[in-house]
Every structure is written in C-alpha cells, then in structure tokens.
Amino acid sequence: MSIAVLGSTGSIGRQTLDVARQLHLPVQALTAGSNVAEMARQCREFRPSLAVMSTPELAEALAKQLQGLPIAILSGKAGLLAAATAADTVITAVVGMVGLEPTLAAIAAGKRIGLANKETLVCAGELVMAAAKETGAEIIPVDSEHSAIFQCLAGCRDRQQVKRLILTCSGGPFYGMTRDALAGVTRAHALRHPNWAMGAKITIDSATLMNKGLEVIEAMHLYAMPLEQVQVVIHRQSVIHSLVEFTDGAMLAQLGSPDMRLPIQLALTWPDRKPCPAPALDLLQCGPLTFDRPDMEAFPCLGLAMAAAKAGGTAGAVLSGANEVAVELFLQDRIGFSDISRLVEQALDDVPQTAGPNLAQILEADRLARQSVIAHAGG
Ligand code: NDP
Ligand code: MG
C-alpha cells in the first residue's frame with residue numbers, strides 16, 4: 001500500500017509521516033502550503049514521486065533545493081488534485097476549504113481516504129458521502145472522536161440499533177470561563193490547548209468550541225445520524241475519545257492517550273492493527289475521569305454549528321467559511337475572541353441558504369460567507 005499526504009508539513013501531516021516511517025510505507029506524494037524547508041527535508045527522506053507547493057514561486061524554490069532528485073514538482077489546485085490520486089490511500093491533512101476538491105478527486109478515483117480535514121464534510125457532507133457511496137471509496141476518519149466512533153461501530157450491523165453518538169470534548173483552554181471574561185482573552189491564551197498539540201486554526205476552534213460543532217456535523221454525515229442523536233459531553237482528560245450508546249443502553253467507548261498517531265495509523269492499516277509509536281495509555285496514571293455539560297451560553301459557536309447542522313444545505317459551508325476567515329483575523333490580532341462567534345452568526349444571517357447544493361453552490365456560499373466576515377469585521 002502506498003500513501004499520499006496532503007498537508008504533510010502540518011501537525012497531522014508530520015505525524016502521518018512518523019507513522020509511515022515506522023510502518024515502512026511508500027510515500028508517493030506530499031503537498032504543503034508554504035513551508036519549503038520542511039517539504040525539502042521530507043522529500044529527501046521519503047522520496048515521493050510528486051511534491052506540491054501552494055504557489056508556482058514556492059514550487060520553484062522547492063525545485064532549487066531538490067535539484068537532481070527524480071521528483072515531479074507541481075503547484076496549486078492542479079498539484080493538490082494530482083497528489084490526491086497518486087497513491088492507494090490519501091491522508092487529507094490540509095486545513096480548511098482547500099481540502100474539499102482534492103477529497104472529491106480521491107473519491108472519484110476510488111481511493112481510501114484517511115480524512116483529517118473536517119471542513120470537507122462540514123461544507124459538503126451530503127455531496128462527499130453520496131460520491132463515496134457511488135464509487136465505493138472508503139472514508140476512514142482520522143479525527144480522534146470519529147475514529148473512536150468508527151471503532152465502536154465496527155461490530156454494529158444495523159444503525160437503527162444506535163441510540164446516540166457521544167462526542168467527548170476537552171473543553172479547551174477556557175473551560176469554566178464566562179462569556180464576559182472570554183471577551184478579553186488573547187491569542188496567546190487561546191493557542192495554549194491543555195491536551196493536544198495541533199495546528200493554529202484547530203487550536204482556536206478548540207478554544208471557541210467551534211471545533212466540537214464542526215465535529216457534530218462531521219459525525220452526522222459520516223454516520224448518517226440526525227442532530228438529535230449526537231451529544232457533546234465535556235471530558236477534560238481526553239482519555240475517552242468518544243462513545244456510542246446502543247438501544248439496549250450499552251455504551252461502547254474507545255480510550256487511548258491523546259496522540260493523533262493512533263487514529264492516523266488506524267486509517268492506514270484498518271481493519272488491521274499494528275504497534276504504534278503513540279505512548280500506551282496507563283489507566284493507573286490517568287486519574288479520575290469526569291463528564292460535564294458544555295456551556296452553550298459562554299461558547300456560542302457550538303450552538304451556531306448546531307443551528308447550521310439543523311438548517312443543512314449550504315449552512316455548513318457558510319459556517320465553516322466564515323469561521324475560517326474569523327479565526328484568521330483573530331490570529332492576526334485584528335478582532336477579539338468574541339468577535340469570532342459574532343461574525344459567524346452574522347454570515348449565517350447574511351448568506352441565503354440553498355438546499356441540496358451542488359459543488360458550485362457550496363463554493364459560492366463559502367465565498368459569500370468570507371465576504372460577509374470581512375465586511376463586518378470592522379477596522
Ligand atoms: P496545520 O495548520 O498544522 O497544517 C495544515 C497543512 O495544510 C500544512 O501542511 C499547510 O502547509 C497546509 N496548507 C495550509 N493552507 C494551505 C493552502 N491554502 N493550500 C495548500 N496547503 C495548505 O493543521 P493541522 O494538521 O492541525 O490540521 C489539518 C486538518 O486536520 C484540519 O482540518 C484540522 O481540523 C484537522 N484535524 C487536526 C487535528 C490535529 O490534532 N492537528 C485533529 C483532528 C483533525 P504549510 O505549513 O507548509 O503552509
Ligand atoms: Mg477531534
């Protein structure tokens with residue numbers, strides 16, 4: 001089995017290559033945004049046949065560093081699409097909407113997809129799942145909660161026997177704070193996640209709880225569950241990665257140390273399991289496990305995501321596109337923490353909804369959502 005890694009220079013991408021290194025998997029294609037130095041290092045180690053940077057200028061800079069190596073170098077969307085179909089299995093670890101079209105290309109080619117890029121399902125869940133059904137492409141979630149649910153559902157023959165999916169949520173760095181106190185938190189605070197080391201965007205999403213909202217939508221699409229059957233529970237320790245409750249009241253959970261290499265590896269080896277570089281969980285060391293309700297008042301992004309989930313159609317694309325831009329502005333210190341939810345809510349109000357959207361309508365909703373955020377972000 002060979003692999004392609006989209007977003008190989010990021011948090012999930014690097015951990016995927018760590019797993020590939022341990023399992024001696026051939027790496028066919030790597031893609032990055034702007035980190036030429038890291039991409040050059042990865043290319044020298046893994047010798048893919050294709051390497052992709054986000055722009056022609058960056059591709060040229062990479063080519064200079066890789067002179068003499070038999071590696072084709074491409075850029076932009078065409079490069080991402082080529083990389084997505086270059087191997088048997090593709091790990092989609094780019095961040096944001098840019099992951100959607102390569103995922104669709106991999107699905108069309110009938111590849112196995114280890115799906116880390118959650119924005120793909122949030123923006124276009126119906127389209128993506130329908131396409132996968134048509135081509136038989138396997139989508140195996142990498143997101144730890146969805147991987148947990150995937151594992152808990154492995155022996156379930158009839159989804160009617162599932163009562164609910166329970167997504168656990170660490171609560172992020174601001175657990176227990178009030179909405180007023182949250183208005184003053186800084187970028188540095190928000191980037192300090194208690195349990196997971198991740199890319200900047202998902203770290204901010206974890207602080208606003210938008211991440212859990214996106215995951216609710218992701219779970220609804222992956223497992224064909226209505227919103228009412230997806231519950232979020234705060235679990236500060238991140239030991240239980242998620243649970244499934246069945247009609248008889250039995251609950252199955254998957255536990256493990258908070259290390260993404262475990263779900264990444266499972267997406268590559270499933271249905272087999274192999275020794276993993278992630279540290280084993282020591283039950284005697286993980287202390288009491290606690291559970292709590294999320295505070296929907298202090299963290300409005302979770303409620304906004306649920307409203308978008310209920311609305312369906314293009315609402316997911318609007319939510320996700322608006323959130324991407326708002327998070328970017330927050331990371332640039334141009335808006336405050338509470339502005340993120342305000343701007344996402346405004347975009348959901350501004351952009352007209354379309355039911356059963358095609359790709360063009362989804363891309364348009366995303367564009368309008370981004371425009372709305374820029375228009376209302378203020379000076
Ligand atoms: P990172 O920000 O660490 O990495 C993102 C990757 O995408 C980098 O390789 C980056 O390249 C590349 N990239 C960014 N923008 C573009 C672009 N416009 N075109 C092409 N490539 C681009 O993110 P994470 O690894 O944390 O997250 C990746 C995805 O996985 C997200 O959707 C996230 O929600 C999801 N996820 C992440 C988890 C985690 O633990 N990190 C857990 C569960 C899900 P470069 O750095 O070279 O610019
Ligand atoms: Mg997650």
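Just so you know, in segment 52-89 the residues that are of a type in the set (A, V, I, L, M), open to solvent by 10 Å² or more (accessible area, probe 1.4 Å) and near ligand 1 (Cβ under 9 Å from one of its atoms) include one that is nearest to LEU268 (Cα to Cα), and it is LEU80.
Answer yes or no as to whether GLY213 is within 15 Å of SER170 (Cα to Cα) and within 16 Å of ligand 1 (Cβ to nearest atom). Yes, satisfied. Can you find a residue in segment 134-155 that is outside any loop (DSSP other than H, G, I, E, B), away from ligand 2 (no atom under 16 Å from the Cβ) and either touching a Lys or Arg at 6+ places or on another chain (Cβ under 6 Å) or modelled with pLDDT of 95 or more (or both)? Yes, segment 134-155 contains at least one residue that is outside any loop (DSSP other than H, G, I, E, B), away from ligand 2 (no atom under 16 Å from the Cβ) and either touching a Lys or Arg at 6+ places or on another chain (Cβ under 6 Å) or modelled with pLDDT of 95 or more (or both). Hey, can you tell me all the residues within segment 328-359 that are open to solvent by less than 70 Å² (accessible area, probe 1.4 Å) and aliphatic (A, V, I, L, M)? Residues satisfying the conditions are LEU329, LEU331, ILE335, ILE340, LEU343, VAL344, ALA347, LEU348, VAL351, LEU359. Return yes when SER372 is open to solvent by less than 50 Å² (accessible area, probe 1.4 Å), assigned to a helix (DSSP H, G or I), among the polar types (S, T, N, Q) and under 20 Å from VAL98 (Cα atoms) and no when it is not. So SER372 passes the test.
Within the bounds of segment 117-134, is there any residue that is open to solvent by 40 Å² or more (accessible area, probe 1.4 Å), in contact with a Phe, Trp or Tyr (Cβ under 9 Å, 6 or more places away or on another chain), more than 16 Å from ligand 1 (Cβ to nearest atom) and over 20 Å from HIS241 (Cβ atoms)? Within segment 117-134 (the criterion being open to solvent by 40 Å² or more (accessible area, probe 1.4 Å), in contact with a Phe, Trp or Tyr (Cβ under 9 Å, 6 or more places away or on another chain), more than 16 Å from ligand 1 (Cβ to nearest atom) and over 20 Å from HIS241 (Cβ atoms)), the answer is no, since none of the residues qualifies.
Counting only strands (runs of 3 or more DSSP E) that sit wholly inside segment 1-67, those with at least 1 residues that are polar (S, T, N, Q) and under 18 Å from ALA106 (Cα atoms) are 27-31. Taking segment 90-105 as the search range and keeping residues that are near ligand 1 (Cβ under 8 Å from one of its atoms) and assigned to a helix (DSSP H, G or I), which one is most open to solvent (accessible area, probe 1.4 Å)? For segment 90-105, the residue satisfying everything is VAL98. Has segment 147-161 got any residue that is within 21 Å of LEU80 (Cα to Cα) and either within 18 Å of the chain's Cα centre (by Cα) or within 16 Å of ligand 1 (Cβ to nearest atom) (or both)? No.
The values are calculated or read from the model by the stated rules, or taken from the named source; none is laboratory data. Because the structure is a prediction, the values reported are computed rather than measured. Cβ sites come from the backbone with ideal geometry, for glycine too, and all protein chains shown count toward neighbours. We work out accessible area using only protein heavy atoms, side chains counted, and drop any ligands, DNA or RNA first. Shrake-Rupley method; radii C 1.70, N 1.55, O 1.52, S 1.80 Å.
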